[in-house]
1. Give the residues of the range 142-166 that are under 16 Å from Ile118 (Cα atoms), open to solvent by 50 Å² or more (accessible area, probe 1.4 Å) and either assigned to a strand (DSSP E or B) or touching a residue at least 12 places away in the same chain (Cβ under 8 Å) (or both), sorted by residue number.
2. Between Glu67, Glu50, Glu96, which is open to solvent by less than 40 Å² (accessible area, probe 1.4 Å) and farther than 28 Å from Thr171 by Cα?
3. If you go through the range 117-126 one residue at a time, do you hit one that is in a helix (DSSP H, G or I), open to solvent by less than 20 Å² (accessible area, probe 1.4 Å) and of a type in the set (A, V, I, L, M)?
4. Tell me which of these Val64 doesn't satisfy, since it passes every other one: (1) closer than 19 Å to Arg165 by Cα; (2) within 14 Å of the chain's Cα centre (by Cα).
5. Please find, within the range 76-93, the residue that is least open to solvent (accessible area, probe 1.4 Å) out of those that are in a helix (DSSP H, G or I) and in contact with a Gly (Cβ under 8 Å, 6 or more places away or on another chain).
Amino acid sequence: MKAVRLTLMCHALTQAQKTGRLHRAEDGILPLGQPPFADLSDVPVLAAPERRACETAAWFSRPVQVEPALADCDLGRWQGLTLKQLQAEQPLALAEWLQDPASEVHGGESFAVLCQRIAAWLAAFDRPGEWLAVTHPMVMRAVLVQVLGCPMGASQRVDVVPLSRLELSFTGQWRLRLG
């Protein structure tokens, strides 16, 4: 079995993140100039299907493979709403969603379902070598839940900032790589 090194990277900053608005699939990234990380031109790149992930992955100027399993959590009716609006208009629903990983109060995908999707993707990932996958904060939290075997609620204690990276390795089991 050849080793796998998988680096997950959060997409670059979006206007939604900057203003406290929940994401929409069509949200793009804010202009940043040159990517603030080392050249990864020899590393195959996967990207979640949303525009912000694909635009971030395009910085690597090579073909990018879209990976549907890396899609952001579907927030249903809440897509595009601001947190302030939800706090004012649906405080109990927002509190439920933040406290209960199985909550689908917004009519979309729960964090628990996202964790199941990511667990299946990680279990099936059998591509040896080094890989880069550009995705989203909630997906990166779901990966941490799976790799560390921690309770889903622990994901609320992890801040995933734009362009942050999570390094994993696999040789029989997934391991977190601190560097």
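The values are calculated or read from the model by the stated rules, or taken from the named source; none is laboratory data. Since this is a predicted model, take the numbers as computed values, not measurements. Cβ: placed from backbone, ideal geometry, glycine included. Neighbour counts: every protein chain shown. To get the accessible areas, we keep the full protein, side chains included, count just its heavy atoms, and leave off ligands, DNA and RNA. Shrake-Rupley method; radii C 1.70, N 1.55, O 1.52, S 1.80 Å.
1. Within the range 142-166, Gln146, Leu148, Met152 qualify.
2. Working: Glu67 fails: farther than 28 Å from Thr171 by Cα; Glu96 fails: open to solvent by less than 40 Å² (accessible area, probe 1.4 Å).
Only one candidate passes the filter, namely Glu50.
3. For the range 117-126, residues in a helix (DSSP H, G or I), open to solvent by less than 20 Å² (accessible area, probe 1.4 Å) and of a type in the set (A, V, I, L, M): present.
4. Answer for Val64: the failing condition is (2).
5. Step one: of the range 76-93, the residues in a helix (DSSP H, G or I) are 76-78, 83-89, 91-93.
Checking the rest, the ones that are also in contact with a Gly (Cβ under 8 Å, 6 or more places away or on another chain) come to 76-78, 83-84.
Working: Gly76: 24, Arg77: 159, Trp78: 2, Leu83: 72, Lys84: 163 Å².
Across the range 76-93, the extreme among qualifying residues is Trp78.
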